[in-house]
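This report refers to the structure that appears directly beneath it.
Bear in mind that the values in this text are calculations on the coordinates, not laboratory data. Predicted model, so just to flag it, every value in this text is computed and none were measured. Every residue, glycine as well, gets a Cβ built from its backbone with ideal geometry; the counts of neighbours run over all protein chains shown.
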Amino acid sequence: MKNIKDLRDKVQRAKNNPEEIVNLLCKDFNIRQSEQDTWLTFDEINNEAEFEMDEIYDTYACGGVDLSSTTDLTCASILVMRGNKKYVVQQYFIPSANLQFKIQDDKIPYDKWEKRGLVTICEGSKVDYSKVTEWFIRMKNDYEIATMWIGYDPWNSGYWIEEMQGYGFQMYEVRQGAKTMSNPMKRLGGDLIDKSLNYNNNPILKWCLCNTHVKRDDNDNIRPIKRRKTKSKNRWYSKLNNSLCNIVRKNE
């Protein structure tokens with residue numbers, strides 16, 4: 001027999017922390033949940049605050065990168081902390097092969113995002129990682145943003161790590177999985193919910209976060225996953241926030 005007072009306390013905590021709801025329903029109310037859950041709601045993610053790059057000029061930053069294999073998006077991120085405020089700057093990269101088909105078939109406005117400077121289109125069938133290197137160098141040269149270290153998943157990183165190290169960047173390996181991703185995702189989720197993370201109202205990041213699903217284990221550890229029974233256009237939704245989680249993981 002469960003203690004009513006304990007249940008009431010748990011329900012109240014879950015009201016204040018949505019991440020505890022799934023655990024509460026499963027363990028205390030025996031309501032079976034899918035292993036795949038939506039990570040955060042739109043209202044929790046949505047933050048229309050914006051900033052000018054001059055506001056983070058001449059600062060230190062932490063970096064994170066999620067590299068793609070072939071036709072997927074690659075994402076590079078930097079996180080700047082000033083006082084109690086956190087600022088995120090991102091750049092996305094995608095190969096030009098079949099891009100027009102993706103725009104028309106997937107209804108994803110890569111062309112409009114490119115015009116806004118949010119996406120770099122690389123010639124060919126895969127992302128040119130040297131373009132990612134150039135972006136980090138531009139952040140340093142144009143805005144005096146010194147990226148102290150950059151977190152990355154070693155899979156598919158190849159020559160790029162050596163290239164970045166050759167330019168003086170300190171690279172930090174972050175392997176993907178529940179053990180390494182759970183706490184960073186929860187901390188990132190908390191920053192999004194309380195609106196302390198200003199991502200400059202980036203529509204790509206917002207869209208990807210809204211489509212991120214998580215898998216939970218028995219200990220309530222989470223990791224990002226792609227949704228079941230999805231078209232190929234959804235295959236990279238869950239991985240794009242990895243670049244941010246790589247930052248949080250190294251910063252723990």
Expressed in nanometres to one decimal, the distance between label points 7 Å along Cα→Cβ at ASP194 and ASP128 is 4.3 nm
When the charge dipole of region 31-156 is computed with +1 on Lys and Arg Cβ and -1 on Asp and Glu Cβ about the Cα centre, the Cα farthest towards its positive end, among CYS75, SER130, MET53, belongs to SER130
Would you mind calculating the gained length between ILE4 and TYR60 on full extension (0.36 nm times residue separation, minus the Cα-Cα distance), in nm to one decimal?
15.2 nm
Output for region 150-219: trypsin sites (Lys or Arg not before Pro) sitting in coil per DSSP, at most 14 other Cβ within 10 Å, listed by number, reads ARG175, LYS195
